[in-house]
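This report refers to the structure that appears directly beneath it.
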Amino acid sequence: MADPATYRPKAGEIPTSPGVYRFRDEHGRVVYVGKAKNLRQRLANYFQDVANLHERTRRMVTTAASVEWTVVGTEVEALALEFTWIQQYDPRFNVKYRDDKSYPYLAVTLGEQVPRAQVMRGAKRKGTRYFGPYGHAWAIRETLDLLLRVFPIRTCSAGVYKRAGQSGRPCLLGYIDKCSAPCVGRISVDDHRALVLDFCDFMAGDTAKFERRLTKRMQEAAAEMEYEQAARLRDDIEALRRATEKNAVVLGDATDADVFALVGDELEAAVQVFHVRGGRIRGQRGWIVEKVEDITDGELVEHLLQQVYGAADEVDGEEARDAVPREVLVPVLPPDLEQVGTWLSGLRGARVDVRVPQRGDKKELAATVRKNAEHALMVHRTRRAGDLTTRSQALAEIQEALDLESAPLRIECYDISHTQGTYQSASMVVFEDGLARKSEYRSFSIRGSDGDGARDDTEAMHEVITRRFKRYLADRLRSNDVEMAAELSGGGLSGGEVAADAPEEKARFAYPPSLVVVDGGPPQVAAAKRALDELGITDVALCGLAKRLEEVWVPGEDYPVILQRSSEGLYLLQRVRDEAHRFAITQHRRRRSKGMTASVLDDVPGLGPARKKVLLTHFGSLKRLKAASVEEIASVRGMGDKTAEAVVAALKA
């Protein structure tokens, strides 16, 4: 733990302008990001007597080893840069937002030449318009199935669409009139896009005009005694009404608003938001917030708005207007209300009101959202693995059992998977603060001393630990060289002012784990220890978890460390080990499947994976490729006469 006095900048060095600051630990990793109207005044709060600081703030400043800041022109710019840095660095002492479940969206891929409607989860993609989130994927599919009667847009995958175009026959949806079949030219690409835009307008809440349009066409068809056409239009109108009625009217004045609620204590909170468009609830979403920093409800609301609307900065036009509504109803006003309102108005391109509902339907709706938040918090507290207190207890128990100097905040676990010695794969999974950090998982293909794989699991474990920590030493050396060069040029990395767009110099493997866990007993632990000793790594703790009796083995000990079966520490180690095992098997199966998929084109000299893919894409199938002449193959992009002759010879062999 560092003494904040060792890296405290001189007061005269810190400007009094608005800006964003970030604290880094001894390895250069960003652990906290914040913004300030006055940087000097704000940073001074962190460097007072640590005994006077809040417990969480004290942990942050003693974990950090340096502080740096960036001056910006306005407080609104500071708000935007703070969000960007929090998303980029994911600092462990900032507020953590975790979705209480994975919410599906109805997504329309407007960035494609022929847009497609589909269910999507996860991070939002540029060029795609989203509607929702919905509580269940089946709700999206049910709504979409109703609307395809009126808006027969493409819903098939890229592979299905391509095969239909090559064969000249549409898929089943095309035959039953639930797709306008642009794949076979029944409708032009431009007309299909116009149909997609109408579908998006309907989903955005502009429903009345389509109902009026269909009603008028139905009446015209009936007047001309085209009763079958009139009946179809009547059924289309009914489908639109059923799809619309699924979302109840909650605000009679057709308001566009997002309604937030917040319920919690000093450790964590549940957040819920209802997305209301045209007076109807179009989506609902929730988070569990871990208050890993000392923060008021107003500041939490400000961070929440950054979390929800920050991605809207990457889109414009109608997508931005959908993402940021005219009204944002919150339980508590953020401290920098004017700046937050200006920022949101800039994202939307029109005025946005942020306020607390005081009366009427909006206040009643806010109360309903709060009840949802209360229920979500109750459910969360019953989930053992998601409990912050339980995770802290687990880390403390591991620290005590293994006699570590501090709690193992970053744990890496390694496992080996193979089939009778073939397709040997190793996994590295990472847990930080007791939670899986999947973005930092890694897989290794085991080579062995002769390139044909390792002799046994211990040799494989030695190899993967060696390779991982060689990368750590190389990245650390590279980082030290960057720091030394910066110091020689007068711009040291120990702290101070930095540019907002300064590149991040740290590589991922430059961060060492607090604890390495290997799947296995004494032989695997000894192999990992030998690898660390050969590289001179002495500051990383090591243990193994044997499956048979769930014993914890440490290097050089004749007897294992026994943790109680009900121990939270053992439970965490088991989850880490099981996750490493699952990831190793997944990677092994992928390699094995790839290795067992052979093709007659594999042995053609000069024909690599890229050109193989180009050939099969051009001809559509291996059967058509076999029927092609040398001249036809040679005319494909990237092919020459010699390669074409070799392909024909291989296919006829």
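Computed quantities for the displayed model
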| item | result |
| --- | --- |
| Surface accessible to a 1.4 Å probe, LYS96 within the full protein complex, Å² | 40 |
| Relative contact order, percent, segment 1-102 [alpha-carbon distance under 8 Å, six or more residues apart] | 38 |
| Relative contact order, percent, segment 133-203 [alpha-carbon distance under 8 Å, six or more residues apart] | 31 |
| Accessible area, probe 1.4 Å, largest first, for residues GLU55, GLU497 | GLU497, GLU55 |
| Loop-resident sites, segment 192-230, for GluC sites (Glu not before Pro), counting at most 12 other Cβ within 10 Å (DSSP) | GLU224 |
| For ARG437, residues with placed amide H under 5 Å, excluding near neighbours | VAL430, PHE431, GLU432 |
| Dipole in debye (nearest 20) - segment 1-99, about Cα centre, beta carbon charges: Lys, Arg +1; Asp, Glu -1 | 140 |
| Cα centre as origin, Lys/Arg/Asp/Glu Cβ charges: segment 158-219 dipole, Debye | 200 |
| Calculated FRET efficiency for the pair LYS438/THR368, C-beta based, R₀ 25 Å, to 0.05 | 0.15 |
| Coil-residue trypsin sites (Lys or Arg not before Pro) of segment 163-226, DSSP, other Cβ within 10 Å capped at 15 | ARG186 |
| Selection from PRO115, THR74, CYS200, by position along the positive dipole direction of segment 52-204 (Cβ) | PRO115 |
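The values are calculated or read from the model by the stated rules, or taken from the named source; none is laboratory data. Keep in mind that this is a model prediction, so the values were computed, not measured. Every residue, glycine among them, receives a Cβ derived from its backbone with ideal geometry; neighbour counts consider all protein chains shown. These accessible areas exclude ligands, DNA and RNA; they are computed on the full protein's heavy atoms, side chains included. Shrake-Rupley method; radii C 1.70, N 1.55, O 1.52, S 1.80 Å.
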